[in-house]
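The structure under discussion appears below in the form of structure tokens.
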Amino acid sequence: MTIWDSQMDNLITLLNQNSGALTVVFTAVVTLATVVYAALTAILVAETRKLRQAQTEPRIEITVDALDFAVNIVRLCVRNNGEGPAKNVKFEPSVIDGGEVAESLLAEFLSPNFFKTGLRYFGPGQFRFSGYTQTNEDFEAKASSVLCFKVTYESITDKKYVEEIVVDMAELRGRYQLGKPNLYSIAKSMEKIQKDLHHITTGFKRIKVDSYDNDDREREDKEREEWRRETAAKLEHRNK
């Protein structure tokens, strides 16, 4: 019997003598693995539920937005930045700071009727604009205004949301614009081209065209031939 065979016999004897303890250890390991697997499954289910909820959850935002072609004309942009639609959207606006100027500013913003009636359905990515105001009038007073919008709405799963969105007009300070935006310039150029084409097609303006036809070619050929004859006659007269 070799040394290897002797060691294997000793190992088998040891396992047979301690089979009960090994069974207990193996059972404990299997139980621990089952508990860990159950915990991981519960975490995965919770994350899946959160992901599904995020895919159907609306999110209403209200921001200050300036017109592309005039940075001094501003309005509010109400947008649903969530992944799901919002239902029964209601607005309760109020003034936090700014006094009478803020009250007047809020009245200008609330001119569209949806602030009063609300929105029955507000899809993801959709947006609505408020009325506008000109910041070159009473700029400092308007920039010191702070408005608040209490917004209530529901998701498609009938979950209710209540948010208070603060709009601080102080963010208007320091804004400026160099030149005209590219899209605006392109739109104005296309509008001018369209107007010029309309004038041409309706006869309001006529294109100046220099036409050149067969009669012109024949006349030029005759004049060229006549010039050649005259030139030849003059040369013949000189040679005499």
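The values are calculated or read from the model by the stated rules, or taken from the named source; none is laboratory data. This one's a predicted model, so the numbers in the text were calculated from it and none came from an experiment. With ideal geometry, Cβ positions are generated from the backbone for all residues, glycine too; neighbour counts draw on all protein chains shown. Please note that ligands, DNA and RNA were not included when accessible areas were found on the heavy atoms of the full protein model with its side chains. Shrake-Rupley method; radii C 1.70, N 1.55, O 1.52, S 1.80 Å.
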**Unmet criterion (only one of (1) at pLDDT 80 or above; (2) open to solvent by 80 Å² or more (accessible area, probe 1.4 Å); (3) under 26 Å from ARG173 (Cα atoms); (4) in contact with a helix residue (DSSP H, G or I) (Cβ under 9 Å, 6 or more places away or on another chain)) for ASP97** = (4)
**Message:** Looking at GLU108 and the list (1) farther than 24 Å from THR56 by Cα; (2) open to solvent by 30 Å² or more (accessible area, probe 1.4 Å); (3) touching an Asp or Glu at 6+ places or on another chain (Cβ under 7 Å), which single condition is not satisfied?
**Reply:** (3)
**Request:** Tally the residues that are at pLDDT 75 or above and among the aliphatic types (A, V, I, L, M), restricting the search to the range 186-232.
**Result:** 0
**Request:** From GLU108, GLU92, GLU103, grab the single residue that is touching a Lys or Arg at 6+ places or on another chain (Cβ under 6 Å) and at pLDDT 90 or above.
**Result:** GLU92
**Prompt:** Is at least one residue of the range 132-151 touching a Leu at 6+ places or on another chain (Cβ under 9 Å), open to solvent by 70 Å² or more (accessible area, probe 1.4 Å) and under 19 Å from SER111 (Cα atoms)?
**Reply:** yes
**Request:** Give the residue, chosen from GLU47, GLU108, GLU83, GLU137, that is touching a Gly at 6+ places or on another chain (Cβ under 6 Å) and charged (D, E, K, R).
**Result:** GLU108
